[in-house]
Every structure is written in C-alpha cells, then in structure tokens.
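Below is one structure; the comments refer to it alone.
The values are calculated or read from the model by the stated rules, or taken from the named source; none is laboratory data. Because the structure is predicted, anything quoted here is derived from the model rather than measured. For neighbour counting, all protein chains shown are included, and Cβ atoms are generated from backbone atoms with ideal geometry for every residue, glycine included.
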Amino acid sequence: MLREHLHVLQTTLSRLWLTPGASLLNMTIIGIALSLPVGAYVLLQSVQQLAATVADAPQISAFLDAGKRDAELSALKDRLESNERIAKVEFVSRDSALQQLQQSTGVSDMIGDLPHNPLPDTFIIYPKVTDTEAMEALYQDLQSWKQFDHVQLDSAWIKKLDALLNLGRLATAMLATTLSLALIAITFNTIRLQILTRRDEIEVTKLIGASDSFIRRPFLYFGLLQGLTGGLVAWLLVSASLWLLNASLVNLTQLYARDFQLQPLSIPDSLTLFVFSGYLGWLGAWFSVSQHLWQIEPR
Amino acid sequence: MIRFGQVYKRYPGGHEALQDVSFDIAKGEMAYLTGHSGAGKSTLLRLVAAIERPTSGSVLINGQNIRSIKREAIPALRRNIGLIFQDHKLLFDRNAFDNVLLPLQIGGFDHREAAKRVRAALDKVGLMSREKANPVALSGGEQQRLCIARAIVTRPDILLADEPTGNLDAEYSGEILNIFNSFHQVGVTLLISTHDQSVLQRFPARALHLDHGVLQQGGAT
C-alpha cells in the first residue's frame, strides 16, 4: 500500500517535471496569492506584540499644577487611595519623571539641553474597575478635581489601536478567504486541463478495471503538491520580505532607541501555512476530479 | 461463464444493435463471434465488459448481471476480463513494460511479483526483447501482441478480443491465434470476434454468427 502511494507520488512529481513552465507559474501564482494574507498576518502579530509591551493595565495619569507642597500632595494621595474605585496610586515626582524619560526613550541629548525641568508631578492611578464605562466615569470624575491640571486616560490610544488591529484582522481574514478560493479555483482549472489531456489514459485504465479512487489518486496528489509548493513559495516570499523590512527597520528604530523587529513566521504558523495550502490544493483537485472524471467513460 | 438471455440493445434513435440474443459460453470454452461489420459484434463484447448495459434481457458474467450491476462493482468485474482491442488502446507516454504493468498496478500487486509477471507475459507474446520500446516504435502486429500481453498479465478468467487479426497479414494472425489457443489450453474462457473465415478453419471452435443484431447460428449450447 505504501509502495503504491510512493509510486503515485513519483508519477505525480514526474508530471510536474513534464511541464516545468506551467508548474512553476502555478506555484508562483499560488505563492503570491498566499503571501498577501500571510504577510498581513505577520505584520499584525508584530504590531500587536508591540502594543502589548507598551500597555499592560489601563491607567489614568493625573498631572498636577506646579508648586504643590508635600502636605497637599499626601492629602491628595490619601483622598485618591480612599476612593473605592481606585486600586493603587503611584506618585511620580517631576524629578524622577525626568530621570525615567532620560533613561527610556533615547531623547536624553535633547533633555540635557533644557534650561529647566518641564515635567509636572504626576499621580499614576490604577483603577479597580476595568470595563470601559466605569473607567470613563472615573476619568470624568477625576477631571473635575481642581487640583489636577490635566487628566489623561492612558488606555484610550490602546483601545483605538486595538480597534484598528481588529479591523486589520478582519481584513486579513477576508483576504485569506478570497485568496483561498482563488487557490482552489487555480487548482480546479489545472486539474481540469490535466484530465482533458489524459482522457485516453483515463479511458484505458477504466477499461482495464481501475477503480475511481485509483484514477483520482494522482490528480489529488498533484493538487496537494501544487498547493504545498505554493505554500512554500509564500513562506519564502514572506520571509524574504520580513528580512528586507527588518534590515531597514533597524535604521528607523535606532532613531527612537526602541528595539522593534517584525517577528518571522513561527514554526507552528509555518506548519499551519503548509498544511492549509496543501489541503486547499487537494480540495481544488478533489472538486475538479469529482466534476470531470465521471464524464469520461469508455466508448 | 458468459450467459446472454433474450438480450436487446437499442440505441437512442431507435437503432436495434442486438435483438433477442441468447447463448451460453461455458467456463474454459473458446468461441468465435462472426458477422459482417455493423452486425452487433462490438456491441455484444461491450456488454460483456460492462462498457454498456443491455436495454432488456440479462447478461450474466460469472454470475453477475450487467444490467443491474452497481457502478462501483464494475472495476472488479473488469479486472477479471482481459480486453484485446482492435485499436490496441496502448499508452504512448510509457514503454512496453509499463503498459503491461498497468493492470498490475491497478490490482495493487507487489512490485517484484509484478515485474516477474510482466516479463512472463511479454515472453509469452514474444516481446521479451522489446520491453523498453515505446509502443509507437512497434509494428502493428507487435502492438497487437503487446495489447494481448496487457490483457493476460493479470491471468483473467475471460479473454475478449475484438477483431484481433483485423489488420494483420496471415503470418501475424497465425501467431496471435496460436497464443489464444495456448490460453484455451489452460482453461481461459475466450470470445473472439472476427470476420476472417480462415481463422475459423485453422482453429475450429463454436461460432456465434450475428446478422443485423440477430443471432443466426451457435446460440444453442
């Protein structure tokens, strides 16, 4: 049985070799079609990872007017901590904020030139509540406190980014679905042409007593192999693009002193790509064979 | 082995290819199918190989009725029938060896055993030295013998031959008939259609004679 399948595999490979131009073209088309959603997926993954490292829990920053005395500050802190909607309050003095800034974002050269510290004292407030509405209410409440110069809900931009990422994911999914259908269609047509050119052979094998599954097998293998190699082409295209993008990203991220790299396709993701592309090729072949094979009966 | 009971075959358009044909060919028997061209010889053979189904009546092959046989059961039935075509139906994308190998691949034979059988079959028809040749490079007689090798390689119980000597000169026909005769000796059931009267004289056997789709002679067993 295994030998039989190996034999079919060998025959299929030789058929691929028989028309190298057409085979290569098909694989490239499938590869390009697949590389679009895969590339989009990889970009989304990287942006998502970046977003996750930037924002842990949502927090509210309350910036104070300059010139508050220590007593005022601790009273304000107590008042914040006693609020049942607030989990934790952290005070960041303007001096330590300046230090942090110098350490983290690589704008230290610029800061060194400043005549005085432009940063205000800040309370970083970690809310107990997590849902958007309660957070918004707390935010509104804090805004009305006259001690604060400015209150900022830090999760807002994360939410916007999340919404954007979701949109991106949806778009990628739609792209993937459409191009998967294209892959099936491409395989369907390739196999249809193959069946037509092998009409005599199919007739003869039917006369000799070949079962439908025997006749179907090389075509299914062909679809599977074509899909799989298409997936491989897509993998190579995406990996090469990422490599190129990362090379130029290095220049960009150096300016911001941030270590950001586009993540290459993980091993499980790569395997999923191969399985999926192979399966789609097989499926296209299967549709084609079930559609066309029964029409060929010995006359 | 092959039993026809009041078989009618009507084609769309009203052409009656076979009318009330009844006969019985026993296991191991050799019989000829004769008649002018268009008498229904090919139609009769196609019914035996389940390439077509009778309009009415019963065609029993080894106990299986072609009229009601399920589509999925046809391959197994055909694997037990060696078909020899007038136009050979060889595949030109592979050599002689691989052409003969095809039925064994279909049957799922072990590779080594299959190779042995292919060589035995080629030897039997005298093509041992031509196994690497493409069928295109073979003469008409050699192509016919290659077709025979392919038909016998699975050692089927029934051999059907449609005008096997049709386009061949007397010497080649003789060779091929000798091959058929040797299968008859080992108990294979043979049905050979021919319009060549000299064949019947050299290897006499029962002849089923068709005339305009009606069996005129040889119906009774």
Residue check for residue A:36: in contact with a helix residue (DSSP H, G or I) (Cβ under 8 Å, 6 or more places away or on another chain) and either at pLDDT 85 or above or outside the structural domain of residue A:144 (by TED's automatic domain parsing) (or both): yes
Test result for residue B:66, farther than 30 Å from residue B:168 by Cα and touching a residue at least 24 places away in the same chain (Cβ under 8 Å): no
In the stretch A:14-37, residue farthest from the other protein chains (Cβ to nearest Cβ) [restricted to those that are surrounded by 14 or more Cβ atoms within 10 Å (Cβ to Cβ) and more than 30 Å from residue A:168 (Cα to Cα)]: A:23
Given (1) assigned to a helix (DSSP H, G or I); (2) among the charged types (D, E, K, R); (3) without any contact (Cβ under 8 Å) to a residue 24 or more places away in the chain, number of the condition residue B:93 does not satisfy: (1)
Top-ranked residue in the stretch A:1-13 [being of a type in the set (S, T, N, Q) and more than 10 Å from chain B (Cβ to nearest Cβ); ranked as surrounded by the most Cβ atoms within 10 Å (Cβ to Cβ)]: A:12
Members of the stretch B:20-38 that are surrounded by fewer than 17 Cβ atoms within 10 Å (Cβ to Cβ) and assigned to a strand (DSSP E or B): B:20, B:22, B:24
Among the residues listed as B:99, B:65, the single one being at pLDDT 90 or above, touching a Ser or Thr at 6+ places or on another chain (Cβ under 7 Å) and on the phi < 0 side of the Ramachandran plot: B:65
Total residues in the stretch B:1-51, condition over 17 Å from the mean Cα position of the chain (by Cα) and acidic (Asp, Glu): 2
Residue match in the stretch B:116-137 (condition: within 12 Å of chain A (Cβ to nearest Cβ) and either in contact with a Ser or Thr (Cβ under 9 Å, 6 or more places away or on another chain) or of a type in the set (A, V, I, L, M, F, W, C) (or both)): no
Odd one out for residue A:62 among (1) of a type in the set (Gly, Ala, Ser); (2) at pLDDT below 80; (3) surrounded by 14 or more Cβ atoms within 10 Å (Cβ to Cβ): (2)
Residue within the stretch B:56-64 that is within 14 Å of chain A (Cβ to nearest Cβ), buried (at least 20 other Cβ atoms within 10 Å of the Cβ) and in contact with a helix residue (DSSP H, G or I) (Cβ under 7 Å, 6 or more places away or on another chain) present: yes
Residue in the stretch A:227-242 that is in the same structural domain as residue A:265 (by TED's automatic domain parsing), of a type outside the set (Gly, Ala, Ser), within 28 Å of residue A:34 (Cα to Cα) and exposed (fewer than 15 other Cβ atoms within 10 Å of the Cβ) present: yes
Where residue B:151 falls short, out of the listed (1) assigned to a loop (DSSP other than H, G, I, E, B); (2) in contact with a Gly (Cβ under 9 Å, 6 or more places away or on another chain): (1)
Counted residues, the stretch B:65-86 - those being within 11 Å of another protein chain (Cβ to nearest Cβ) and not in a strand (DSSP E or B): 11
Residue count for the stretch B:139-151, restricted to those that are within 21 Å of residue A:205 (Cα to Cα) and either within 12 Å of chain A (Cβ to nearest Cβ) or free of Cβ contacts under 8 Å to residues at least 60 places away in the same chain (or both): 8
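A quick yes/no check of all residues on (1) in a loop (DSSP other than H, G, I, E, B); (2) surrounded by fewer than 19 Cβ atoms within 10 Å (Cβ to Cβ); (3) among the acidic types (Asp, Glu):
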site: B:100; (1), (2), (3): no, no, no
site: B:112; (1), (2), (3): no, yes, no
site: B:119; (1), (2), (3): no, yes, no
site: B:123; (1), (2), (3): no, yes, yes
site: B:147; (1), (2), (3): no, no, no
site: B:156; (1), (2), (3): yes, no, no
site: B:165; (1), (2), (3): yes, no, no
Conditions (1) assigned to a helix (DSSP H, G or I); (2) out of contact with any Asp or Glu (no Cβ under 8 Å at 6 or more places or on another chain); (3) within 14 Å of chain B (Cβ to nearest Cβ); number of the one not met by residue A:201: (2)
Single condition residue B:61 does not satisfy, out of (1) among the aliphatic types (A, V, I, L, M); (2) in contact (Cβ under 8 Å) with a residue 60 or more places away in the chain; (3) touching a Lys or Arg at 6+ places or on another chain (Cβ under 6 Å): (3)
Selection within the stretch A:199-220 - over 13 Å from residue B:102 (Cβ atoms) and surrounded by fewer than 22 Cβ atoms within 10 Å (Cβ to Cβ): A:199, A:211, A:212, A:213, A:216, A:217, A:220
